[in-house]
Amino acid sequence: MAGKLVIGNWKMNTRADSAQTLLQALLADETSNRDWVGVAAPAVYLAGLAERLRGQPLRLCAQDVSAFDQDGAFTGETSAAMLADIGCGYTLVGHSERRQYFGESNAALLRKMRNAIAAGLVPVLCVGETLEEREAGRQLEVIRDQLALLSEIDHGEYVVAYEPVWAIGTGKVATLAQIAEIHGAIKKWCLQNVKASDNIRVLYGGSVKAENAEAILATENVDGALVGGASLDAGSFRAICQAAGKLI
Ligand code: PEP
């Protein structure tokens, strides 16, 4: 598959002004203003950023999407149709922070994936084991359980992000051998079990920074990166995009 996909996950950070300033710094540079680069901004700022992104290559990503597919009495929810309406191209689904703090079940995540695809968004399903699960040698079993819902989807494009929970926001990075092993296993599982797509991109996430991006992105079966902390600094994020750009 040609090219890498790099998505910055701003999480619950920025304000209206700082979000626009960060976006502007990415738009002003051709290493980051690319159609294979996205920013997952807080829901409340997506519409404002979408205005600024009109006609630009850089893609907008939501951090979550509702499991409900119809308009109605679902207070606080943001539907896939709403995200598509304002110009989002991607949405994260099942980030480990949402699994941990909001108890998202695989059944709900399947509905989110389906809703996103039906609305024309590309969902990015996040999977990954905790430290406890890795220490018990259960990482592959856990990841296969998280991937299982993909076998229920029979059409549409989606992306998988492997994010070991112990590497998110901790500064600990999985070794290149660990990354290669899990990415290879995810691709193999997908080849054997999914109907929707034969070319599923698998991103790595977990303390990706300017200094380690090139080595991670050059690792076998790594099709891009999901970047948390380092995406809040335009210079760091641009350096990661630059590393990805070299590999295209
Ligand atoms: C993330 O939240 O998706 C992530 C990978 O965070 P960080 O890069 O900060 O580890």
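The values are calculated or read from the model by the stated rules, or taken from the named source; none is laboratory data. Predicted model only: the values in this text are computed from it and were never measured. A quick note on method: Cβ atoms are made from the backbone with ideal geometry, for glycine too, and the neighbour counts reach across all protein chains shown. Keep in mind that these areas ignore ligands, DNA and RNA; they rest on the heavy atoms of the full protein, side chains included. Shrake-Rupley method; radii C 1.70, N 1.55, O 1.52, S 1.80 Å.
A few comments on the model shown:
- About the Cα centre, charge dipole magnitude for the chain (Lys/Arg +1, Asp/Glu -1 at Cβ), debye: 260 debye
- Projecting the Cα atoms of S105, L60, A43 onto the dipole axis of region 27-112, where Lys and Arg carry +1 and Asp and Glu carry -1 at the beta carbon, places S105 farthest toward the positive end.
- Dipole of region 119-248 [Lys/Arg +1, Asp/Glu -1 at C-beta], most positive-end residue of L203, L150, A119: L203
- Classification of region 182-248 by its C-alpha gyration tensor yields a prolate form. The axis ratio a/c (a ≥ b ≥ c) is 1.5 or more, and a/b outweighs b/c.
- Ranking E152, E163 from most to least accessible surface, computed with a 1.4 Å probe over the protein chains only, gives E152, E163.
- Accessible surface, the chain, averaged per residue in Å² (probe 1.4 Å): 45 Å²
- Region 63-120-region 157-190 distance, computed between alpha-carbon centres (Å): 22 Å
- Portion, in percent, of the accessible area of region 200-248 that falls on carbon or sulfur, probe 1.4 Å: 45 percent
- Charged-residue dipole, Cβ positions (Lys, Arg, Asp, Glu), region 144-211 about Cα centre, Debye nearest 20: 180 debye
- Applying a DSSP loop filter and a limit of 13 other Cβ atoms within 10 Å to the chymotrypsin sites (Phe, Trp or Tyr not before Pro) in region 1-77 leaves F74.
- Region 185-248: GluC sites (Glu not before Pro) in DSSP loop, at most 13 other beta carbons within 10 Å: E220
- Annotation for region 20-110: trypsin sites (Lys or Arg not before Pro) lying in DSSP loop with at most 11 further Cβ atoms inside 10 Å of their Cβ are R54.
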